[in-house]
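Here is the structure we will look at.
The values are calculated or read from the model by the stated rules, or taken from the named source; none is laboratory data. Note that the structure is predicted; figures quoted are calculated from it, not measured. Note: ideal-geometry Cβ built from the backbone for every residue, glycine included; neighbour counts use all protein chains shown.
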Amino acid sequence: MKRIILSLAAAVITVASAAQTIHIQGTYDPSVIEGLKLLISPMSGQEDAPTELTLADGTFGGDVPLASDGLYNLLGVNSQMQLHLPFYISSDTQKKKLKVTFVGQCPQINIDSNNKALSAYNLVVWNKLRDIWMNAQKMSNEELKNSLAGFWSAADSVLAVYKTDTDVQEYIRLWATMAAFNGYSASSHLLRDRTNSKPTPFVQLCKINLGTLDTDKVFYFPESYRCIRSTIASHAPLNELLEELQEKYNNPKVIRNIGNFILDNFIRLYDYNADYNKGLNLIKNAVSQYGLSEEYIKAFESHQATIGGKPFPTGINIIDANGNAVDFSSLKGYYVYIDLWASWCAPCRKEIPHLQRLEKELKNPLVKFVSISIDRTEAPWRKAMQEMNCEGNQWINADGSLPNVLNIQGIPHFLIYDKNGKLLKYDAPRPSDPKLKAELEALR
């Protein structure tokens, strides 16, 4: 296999502001990793964006926030590849040179026992996940179960071979569960596409040690939220979900973060038209019983705008193509068909020609068409309007407040408001749907 060597040198620096950083520098062969961006981030500082290393004339360097437990992520990306490697810098390795090598396209660091363990397990995960992606559709349930169990047995083997610090041991055991969960998620997706059947739940297929997940470090993995949520009943009243969470886990950060995750999903997925008051009472009871933020009550109440008969949200910052603030009440007396879209959304752009044709062909004078972009800045919105010859009521809500209040889960999204500015249809047909024209013509 082709082996590529990349050398790094690490040294700790304390800056004047008392924020500690580690300076990473070294050399590389630009012909081997041409166009590759290298970034490093401490796992313990997830609120910080990854630090992009400066690359010039075969050298690189950068000051990275110091990890409280010595664990870092090395990230690299170019147009052909994307790589990830966790590595560990303890107090006695801070001035050693780190050699990053590649086995195939899997990065490795082998300067000491801790990093040999991390690199060995990185290769395991790399190969096993690739195998699942390639073969999941041919696997029986038992074969998949055995394949996923291999992540834990491999972790045990690696930790038996290499003497590692406690932080590295904890990380690798967590990594085993997260890699298994990722493998399970990938296989479930592939099998669902093939069989259209519901997969066996992760916690039934695999034996999960909940104690492994009950740590701050679990949030070093973005999939941790879904993984921990999978260990709690999939369908149960809100208060029972939160109660089960507190029964199964002790770590305050786990309870707080997953509790927030459960509440956020409840608010996002709740059917406000079915029984708004019931949902509100559930949220109020949860906030009271578990001492949660009252912001959850406000967030739930803000989604009243999704209920049929509720007026268009007020206090929303919307401007038109001329830069003027928009007052939705100016359309009172008309039915309003709204297209929520964005310049970067390919399915949105695909609907625009259908919308333009519909607007020209519709004979009902009581219907107005409004397109509201949720682009974060005006420039791409204006460029898209010009490219697609968008005319008429072209508005933008750049701060994202409108889709938030309307609990929009994806775009394009279409709504119809009545002549009094009240929601008539929350999930209206797309312009490309032949039924829409007749529906709009019938409005009186």
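Observations
- Extreme residue, surrounded by the most Cβ atoms within 10 Å (Cβ to Cβ), among residues of the stretch 167-184 that are modelled with pLDDT of 95 or more and of a type in the set (S, T, N, Q): THR177
- Of all residues in the stretch 284-298, none satisfies being in contact (Cβ under 8 Å) with a residue 60 or more places away in the chain and part of a loop (DSSP other than H, G, I, E, B).
- First in the stretch 358-375 and farther than 12 Å from GLU441 by Cα, second anywhere and among the β-branched types (Val, Ile, Thr) and in a loop (DSSP other than H, G, I, E, B), Cβ under 8 Å, 6 or more apart: ILE372/ILE318; ILE374/ILE411
Conditions tested, residue by residue: (1) surrounded by fewer than 18 Cβ atoms within 10 Å (Cβ to Cβ); (2) of a type in the set (Phe, Trp, Tyr); (3) in contact with a strand residue (DSSP E or B) (Cβ under 7 Å, 6 or more places away or on another chain).
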{"position": "PHE151", "(1), (2), (3)": "no, yes, no"}
{"position": "LEU159", "(1), (2), (3)": "no, no, no"}
{"position": "ILE228", "(1), (2), (3)": "no, no, no"}
{"position": "PRO237", "(1), (2), (3)": "yes, no, no"}
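- Failed item in (1) assigned to a helix (DSSP H, G or I); (2) free of Cβ contacts under 8 Å to residues at least 24 places away in the same chain; (3) surrounded by fewer than 18 Cβ atoms within 10 Å (Cβ to Cβ), with ASP271 passing the rest: (1)
- Filter pass, PHE300 being over 13 Å from LYS422 (Cβ atoms) and touching a helix residue (DSSP H, G or I) at 6+ places or on another chain (Cβ under 6 Å): yes
- The one condition in (1) at pLDDT below 95; (2) surrounded by fewer than 19 Cβ atoms within 10 Å (Cβ to Cβ) that SER187 fails to fulfil: (2)
- Neighbours by Cβ (under 6 Å, 6+ apart or cross-chain): first from the stretch 105-133, of a type in the set (A, V, I, L, M, F, W, C); second surrounded by fewer than 20 Cβ atoms within 10 Å (Cβ to Cβ) and in a strand (DSSP E or B): LEU123/CYS106; TRP126/CYS106
- Flag set for VAL64, criterion: under 29 Å from THR215 (Cβ atoms), part of a strand (DSSP E or B), at pLDDT 80 or above and not acidic (Asp, Glu).
- Under the condition of being in a helix (DSSP H, G or I) and either in contact with a Ser or Thr (Cβ under 7 Å, 6 or more places away or on another chain) or not assigned by the TED database to the domain that holds ASP216 (or both), the residues counted in the stretch 154-182 number 5.
- Odd one out for THR314 among (1) among the hydroxyl-bearing types (Ser, Thr, Tyr); (2) over 30 Å from THR377 (Cβ atoms); (3) modelled with pLDDT under 95: (2)
- Members of the stretch 316-343 found to be closer than 26 Å to ARG430 by Cβ and not in a loop (DSSP other than H, G, I, E, B), listed by number: ILE319, ASP320, PHE328, SER330, LEU331, TYR335, VAL336, TYR337, ILE338, ASP339, LEU340, TRP341
- Annotation note: Cβ proximity below 6 Å between a residue of the stretch 395-409 that is closer than 16 Å to TRP381 by Cα and a residue that is of a type in the set (Phe, Trp, Tyr) (sequence gap 6+ or interchain) occurs for ILE396/TRP381.
- Odd one out for TYR249, checked against (1) surrounded by 13 or more Cβ atoms within 10 Å (Cβ to Cβ); (2) modelled with pLDDT under 95: (2)
- Some residue of the stretch 203-224 being surrounded by fewer than 16 Cβ atoms within 10 Å (Cβ to Cβ) and among the basic types (Lys, Arg): yes
- Test for ASN257: is it in a loop (DSSP other than H, G, I, E, B), in the same structural domain as LYS278 (by the TED database), free of Cβ contacts under 8 Å to residues at least 60 places away in the same chain and not β-branched (Val, Ile, Thr): no
- Subset of the stretch 379-397 (residues that are surrounded by fewer than 16 Cβ atoms within 10 Å (Cβ to Cβ), small (Gly, Ala, Ser) and in contact with a helix residue (DSSP H, G or I) (Cβ under 9 Å, 6 or more places away or on another chain)): GLY392
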